[in-house]
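The values are calculated or read from the model by the stated rules, or taken from the named source; none is laboratory data. No experiment lies behind these values; they were computed from the predicted model shown. Cβ coordinates were reconstructed from backbone atoms using ideal geometry, including for glycine residues, and neighbour counts include every protein chain displayed.
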Amino acid sequence: MFTSTIVLSNIEAVKKFVTLTNNYNFPINLTTDKYKIDAKSIMGIFSLDLSKPIQIEVDDSEADKESAKEFIQQLAQFQPAFVTKEVQ
């Protein structure tokens, strides 16, 4: 499991993020204090408070490691500062 914090500060960032997540077959979720939603759902993302950073969870146990690594590298464009942590 990989977790990190991202910021989706405008509509273009949300569209770019959803397009990115839909290119991968493994589960990707966004979590806040109250909600956990599918990161591949544009409607779900717009239901969140986008004025605050959002926690992303990538279940890379169901993915091939190269795809997961590629996705995680591409997340850097949405991170306020490169802050990541991997949970075992």
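So here's what we get for this one:
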item: Strands (runs of 3 or more DSSP E) lying entirely in the range 4-88 (those with 1 or more residues that are modelled with pLDDT under 90 and either at positive phi or among the acidic types (Asp, Glu) (or both)); result: 84-86
item: Tally of residues being β-branched (Val, Ile, Thr), surrounded by fewer than 17 Cβ atoms within 10 Å (Cβ to Cβ) and in contact (Cβ under 8 Å) with a residue 24 or more places away in the chain across the range 4-22; result: 1
item: In the range 23-67, residue surrounded by the fewest Cβ atoms within 10 Å (Cβ to Cβ) [restricted to those that are small (Gly, Ala, Ser) and over 12 Å from the mean Cα position of the chain (by Cα)]; result: Ser51
item: Among (1) in contact (Cβ under 8 Å) with a residue 40 or more places away in the chain; (2) under 20 Å from Gln77 (Cβ atoms); (3) surrounded by fewer than 17 Cβ atoms within 10 Å (Cβ to Cβ), the one test that Met1 misses; result: (2)
